[in-house]
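Peer 1: Provided herewith is a single structure, encoded as structure tokens, for subsequent inquiry.
The values are calculated or read from the model by the stated rules, or taken from the named source; none is laboratory data. None of the values given here were measured: they were computed from a predicted structure. Heads up, the Cβs are rebuilt from the backbone with ideal geometry, glycines too, and the neighbour counts pull from every protein chain shown. For accessibility, only protein heavy atoms count, side chains too; no ligands or nucleic acids. Shrake-Rupley method; radii C 1.70, N 1.55, O 1.52, S 1.80 Å.
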Amino acid sequence: MPIELVNRVPASLRPNDHPYMNGAWTPTHEEFNATDLEVIGEIPKDIDGVYVRNTENPVHDPIGRYHPFDGDGLIHVMSFRDGKAEYRNRFVRTKGFQAEQEAGRALWAGLAENPAKSERPGWGAHGGIKDSSSTDVVVHAGKILSTFYQCGEGYRLDPYTLEQHGTESWTPIDGVSAHTKVDEATGELLFFNYSTHAPYMHYGVVGPDNRLKHYIPVPLPGPRLPHDMAFTENYAILCDFPLFWDPELLEKNMHVVRYRRDLRSRFAIVPRLGQPRDIRWFEADPTFVLHFLNAYEDGDEIILDGYFEEDPEPKSSNSAPPGYERMMAYLDQEMIRPKLHRWRFDLTTGETREERLDDRILEFGIINNQFGGRKYRYAYSAINEPGWFLFNGMMKHDLETRESWAVSFGEERFGSEAGFAPRVGGVDEDDGYLVTFVTDMKADRSECVVYDTRDLGAGPVCRIILPHRISSGTHATWAQGEAIRAAQGR
């Protein structure tokens, strides 16, 4: 099969000057199947699995103000086996996507608009908006699970063919947030959701058979905006940060985020299958954490690593185009200043200790997923492009020696969250490859790039040229081929 244009999604989006509908964020509306792609270098024969990336791609002119996280979910997959690679991409056929395709226009207002402007009832904690399933992606029980960060229904797709399997049957009434977690040691999926009504948060566990096995309330003082969670071998970690909707404005259906510097951060430590009475709360310095890296148990302590934001509510951007000053400030990592950080929760004393692991601005960290929830040594973070929600390189950390190594994607080349692909037959934690998609603005194309994690400075082992230039986006994952085939019974 050569390059095959499978479908061109009908779009009514007109040319505009929105900074996140142009440049590296220019949407694509084409769906491809492709093998026999041009390869610079050689595809390793000891890599087996799929790299899956979710992206936001607006299809229709927005109702009012557009936020880049409003775009419809478009999933890209590069699968590897026996030194060969195959690329596919498909829009997630969400209920909102299908309805807008039938109408030929946008029916829902987005995150930056008043939800009352939506023409139809919507989804999520924000209320009235479209569940675009465009934020996060994991592979669990042999299928992709695509999710939306304001809480949605969860959509399943085949990780090789991208065949659509609709909404997830176990999704609770309050939906499921982005950043579900897959414990590769048990096959379980852990998730949370949040809402504007009491108890404001829930936590659940889905078994390796894709059946809901646990679901409990996690009561909060009011509506919050948690974005991520973490887990260890025996516990789940949920959060209550002092960045959330202004409660007085929320009563008027106005979703305005405020940072309460007078409040502490709180972390809920929950036994994996525990009850609300088992929840223990730990306090820490005020911040907001968009993404955690990993967590593990160390004697009587739980260690949690993530990205501590030094300014969760930044001033307006001075470099943004007129009218986009607030939106671009919240998307600029240089203004929010996330730093790699460690929290230690003492289960005996109830005390929290904190330390900074790196004082450089970093985000979107990944690990070898085989060490999820377990003691680990190596972390891989994205390096941001100043002024933008874009990433121009990656950094590897040895958390034992505190050494680090950085790699740049190159001039005007922007990547996404990477995936760690363990080397087939490898034993050591860092024995594998980093895989990501890179958009080259100078060459006007996109590539799948593969780096040897033990020699990042050597540059990509191979670069696989995609059949089209794709939009930048948010999250991605790696899943081992052997695990997928076992879950699918083949």
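Peer 1: Residues being closer than 24 Å to M327 by Cβ and surrounded by fewer than 23 Cβ atoms within 10 Å (Cβ to Cβ): count how many of those fall in region 67-90.
Peer 2: 2
Peer 1: Where in region 373-422 are there strands (runs of 3 or more DSSP E), lying fully within it, with 1 or more residues that are open to solvent by 20 Å² or more (accessible area, probe 1.4 Å)?
Peer 2: Answer list for region 373-422: 378-384, 391-398, 403-408, 413-415.
Peer 1: Scanning for something at pLDDT 95 or above and either closer than 22 Å to E153 by Cα or among the acidic types (D, E) (or both), does region 247-257 turn up at least one residue?
Peer 2: Within region 247-257, none of the residues are at pLDDT 95 or above and either closer than 22 Å to E153 by Cα or among the acidic types (D, E) (or both).
Peer 1: Here is a list of conditions, (1) buried (at least 18 other Cβ atoms within 10 Å of the Cβ); (2) over 23 Å from the mean Cα position of the chain (by Cα), and V39 meets all of them except one; can you say which number that is?
Peer 2: Failed condition: (1).
Peer 1: Can you tell me which condition L190 does not meet? The list is (1) closer than 17 Å to G152 by Cα; (2) open to solvent by 10 Å² or more (accessible area, probe 1.4 Å), and all the others hold.
Peer 2: (2)
Peer 1: Next question, about the same structure. Go through region 141-260 and tell me which strands (runs of 3 or more DSSP E), entirely inside it, have 2 or more residues that are over 30 Å from N33 (Cα atoms).
Peer 2: Those strands (runs of 3 or more DSSP E) span 188-194, 201-206, 212-217, 235-240, 243-245, 257-259.
Peer 1: G128 passes all but one of (1) over 19 Å from N369 (Cβ atoms); (2) touching a residue at least 60 places away in the same chain (Cβ under 8 Å); which number fails?
Peer 2: With (1) over 19 Å from N369 (Cβ atoms); (2) touching a residue at least 60 places away in the same chain (Cβ under 8 Å) applied to G128, the lone miss is (2).
Peer 1: Test V427 against the stated conditions and say whether it is of a type outside the set (G, A, S) and open to solvent by less than 10 Å² (accessible area, probe 1.4 Å).
Peer 2: no
Peer 1: Considering only residues that are aliphatic (A, V, I, L, M) and surrounded by fewer than 23 Cβ atoms within 10 Å (Cβ to Cβ), look in region 277-301 and name the one that is nearest to the chain's Cα centre (by Cα).
Peer 2: That would be L290.
Peer 1: Also, I was wondering about something else. Out of all the residues in region 433-490, which are in a strand (DSSP E or B) and open to solvent by 50 Å² or more (accessible area, probe 1.4 Å)?
Peer 2: Across region 433-490, the qualifying residues are R445, R463.
Peer 1: So how many residues does region 1-31 have that are β-branched (V, I, T) and not in a loop (DSSP other than H, G, I, E, B)?
Peer 2: Within region 1-31, residues that are β-branched (V, I, T) and not in a loop (DSSP other than H, G, I, E, B) number 1.
Peer 1: Among the residues of region 108-141, which ones are surrounded by fewer than 17 Cβ atoms within 10 Å (Cβ to Cβ) and either of a type in the set (D, E, K, R) or modelled with pLDDT of 95 or more (or both)?
Peer 2: Hits for region 108-141 are K117, E119, R120.
Peer 1: Still on this structure, I have one more. Anything in region 249-268 that is surrounded by fewer than 21 Cβ atoms within 10 Å (Cβ to Cβ) and touching a residue at least 12 places away in the same chain (Cβ under 8 Å)? List them, or say none.
Peer 2: L250, N253, M254, V257, R258, Y259, R260, R261, D262, L263, R264, R266, listed by residue number.
Peer 1: Another one. What's the total number of residues in region 204-260 that are among the polar types (S, T, N, Q) and over 26 Å from R344 (Cα atoms)?
Peer 2: 2
Peer 1: Given the conditions (1) open to solvent by 20 Å² or more (accessible area, probe 1.4 Å); (2) within 20 Å of the chain's Cα centre (by Cα); (3) modelled with pLDDT of 95 or more, report the number of the one that D46 does not fulfil.
Peer 2: In the conditions (1) open to solvent by 20 Å² or more (accessible area, probe 1.4 Å); (2) within 20 Å of the chain's Cα centre (by Cα); (3) modelled with pLDDT of 95 or more, D46 misses (2) alone.
Peer 1: Report, ordered by the first and then the second residue, all pairs with beta carbons closer than 8 Å, sequence separation of six or more or different chains, a first member in region 432-443 that is touching a residue at least 24 places away in the same chain (Cβ under 8 Å) and more than 16 Å from V52 (Cα to Cα), and a second member that is open to solvent by less than 10 Å² (accessible area, probe 1.4 Å) and charged (D, E, K, R).
Peer 2: Every condition considered, the pairs that remain are D440/E447.
Peer 1: Report, by residue number, each residue of region 315-336 that is crowded, with 19+ Cβ neighbours inside 10 Å and under 23 Å from L357 (Cβ atoms).
Peer 2: Within region 315-336, D332, Q333, M335, I336 meet the criteria.
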